[in-house]
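Visitor: First the structure, which I've put down as structure tokens, then a few questions once you've had a look.
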Amino acid sequence: MARVTVVGAGVIGLSIAHELAVAGHRVQILAAQDALSSVSGVAAAIWFPHGVAHTAPVLDSAQVTLQRFQELAGRPDTGVRMRQGTVLMRRADTDTSWTRAVPHHERLDATQLPAHLVPGTGATGVACTVPVALTDVYLPWLHAEVLALGVTMRTTEVRDLREVLAQENPDALVVAAGMRSAALLADDDETYPVRGQIVRLANPGLTEWVTDNDNPQGLTYVVPRDHDVVCGGTGEVGSWNEQVDPEVEQAILRRACALVPALAGQPVLSRAVGLRPARSSVRVGAVEGYDRPVFACYGHGGAGFTLSWGDAARIAALIGPA
Ligand SMILES: Cc1cc2nc3c(=O)[nH]c(=O)nc-3n(C[C@H](O)[C@H](O)[C@H](O)COP(=O)(O)OP(=O)(O)OC[C@H]3O[C@@H](n4cnc5c(N)ncnc54)[C@H](O)[C@@H]3O)c2cc1C
């Protein structure tokens, strides 16, 4: 059995800790904040490889995650639901390589889309059923699962990885600190924030999601959960602003209501901003320069949930069996 320290308790750190504990390792998590208070708590958390390059490892991880979420959706207490919806595509060259991970999907031409979705745009779409994680149920569930597997957790701000190696004395260390991973490792200038703002409305009874990533007025998505509907969004590259912008919210609401008219007049329940940890490519692998094995797992952009189980399995494979 190896003693492994994981820095970070977002969806990535928790999933890694889970897989390492299942493999028989003794795992400790050090994190400044819990998952719901991190970027993971802001996500719409629908399975879709958004904001990451669709490379072979990314699509493989997405597929592994989809299968795991499908299993979890069989247990209502996990907060994972399989939900039908539509990806709208306004460009002829839209990348659809992600569909190979989705067993049940159907290409739709403009005539098959509800008329109000594509007024005059000639958009096409893909209809499919994918997982949606209800973050306020799923993240506490995953946290509890990890603790039940014997993982220990400490709330602390890590400033120096060498200090952690010296004080905690683990056999291996994993950096899964989202947007702040690059600063901790200090060997990476490729990570940057992509600001995302959302607003959550009361759910008038919707179950189907819709995404309209190429909307000329701005990235738009509507993801119904059990009691609310996540409406987004924005994708502001390089912005570190974590404050909700009321004008941006009004624009999101206009676009979301145009896409799903049943949302008009629904009360706002909550609002949030998160900085997606974006990178030229997701970083999953060993980091050189330390006296013990150190691994990185971050840079998941808008796809942290979508890649979580697959990338956790990759880290567990790199560390090896207990
Ligand atoms: C608006 C929005 C919508 C999104 N929608 C989706 C979606 O539909 N589907 C999807 O798959 N993804 C989505 N994402 C992306 C997803 O939220 C992220 O990719 C994911 O949350 C990243 O997880 P993480 O664990 O790497 O980082 P985080 O959730 O940010 O967690 C980082 C953890 O590291 C800890 N930490 C950081 N620095 C330190 C330190 N120095 N010391 C100690 N602890 C530290 C934090 O406290 C926290 O516990 C969305 C993101 C946003 C903003």
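None of the figures in this text is laboratory data; all of them are computed from the coordinates on show. Fair warning: this is a prediction, and the values are worked out from it, not measured in the lab. Backbone-built Cβ (ideal geometry, glycine too); neighbour counts: all protein chains shown.
Visitor: Over all distinct alpha-carbon pairs, what is the Kirkwood Rh of the stretch 82-236 in angstrom? Provide the component values of the computation, followed by the final result.
Guide: Details: mean 1/r = 0.0519 Å⁻¹.
Answer for the stretch 82-236: a Kirkwood hydrodynamic radius of 19.3 Å.
Visitor: With θ taken as phi - 60° and the coefficients 6.51, -1.76 and 1.60, list the Karplus ³J(HN,Hα) couplings across the stretch 28-37 in order, rounded to whole Hz; mark glycine and proline as x.
Guide: For the stretch 28-37, the Karplus curve yields 10, 10, 10, 8, 6, 9, 7, 5, 5, 8 Hz.
Visitor: In addition: For a protection proxy built on the mean count of beta-carbon atoms within 10 angstrom, sort 96-105, 41-50 highest first, please.
Guide: Values: 96-105: 15.8, 41-50: 23.8.
Highest-to-lowest ranking by the protection proxy: 41-50, 96-105.
Visitor: On C-alpha positions alone, give me the angle between the axis of helix 246-259 and the longest principal axis of the chain, in degrees, nearest 10.
Guide: 60 degrees
Visitor: Using θ = phi - 60° and the Karplus curve 6.51 cos²θ - 1.76 cosθ + 1.60, what whole-Hz ³J(HN,Hα) does each residue of the stretch 265-281 get, with Gly and Pro shown as x?
Guide: So the J values, rounded to whole Hz, are x, 5, x, 6, 9, 6, 8, 7, 10, x, 9, 5, x, 9, 7, 4, 8.
Visitor: Ok, one more. Between His105 and residues 5 or more places away or on another chain, which pairs have amide H atoms under 5 Å apart, with H built 1.01 Å from N, and which residues are they?
Guide: So His105 has HN proximity to no qualifying residue.
Visitor: Quick one: helix 135-148 against the long Cα principal axis of the chain, what's the angle to the nearest 10°, folded into 0 to 90?
Guide: The angle comes out near 20 degrees.
Visitor: Something else now. So how do 185-198, 216-229, 153-166 stack up, highest first, on mean other-Cβ count within 10 Å?
Guide: On the way: 185-198: 17.4, 216-229: 19.4, 153-166: 13.6.
Order by mean packing, descending: 216-229, 185-198, 153-166.
Visitor: Right, here's the next one. Assigning unit charges at the beta carbon (Lys, Arg +1; Asp, Glu -1) and nothing else, what dipole magnitude in debye, to the nearest 20, does the chain show about its Cα centre?
Guide: Values: 25 positive and 33 negative charges, 86 e Å.
About 420 debye.
Visitor: Residue by residue through the stretch 14-22, what is 3J(HN,Hα) from phi via Karplus (6.51 cos²θ - 1.76 cosθ + 1.60, θ = phi - 60°)? Round to whole Hz and write x for glycine and proline.
Guide: Couplings: 5, 5, 5, 4, 4, 5, 5, 5, 4 Hz.
Visitor: Could I get the Rg over Rh figure for the chain? Both from C-alpha atoms, Rh via Kirkwood, rounded to two places.
Guide: Details: Rg = 19.6 Å, Rh = 20.1 Å.
Using Cα coordinates only, the ratio equals 0.97.
Visitor: Give the percent of DSSP beta bridges with both residues in the chain that are antiparallel, rounded to the nearest 5.
Guide: Numbers: 46 of 65 bridges.
Roughly 70 percent of the beta bridges in the chain run antiparallel, per DSSP.
Visitor: Post the alpha-carbon centroid distance, the stretch 188-218 to the stretch 66-135, in whole angstrom.
Guide: About 14 Å separates the Cα centre of the stretch 188-218 from the one of the stretch 66-135.
Visitor: 5 Å is the cut-off here: which amide hydrogens, built 1.01 Å from N in the peptide plane, fall below it relative to Gln33, excluding neighbours closer than 5 in sequence?
Guide: Ala9
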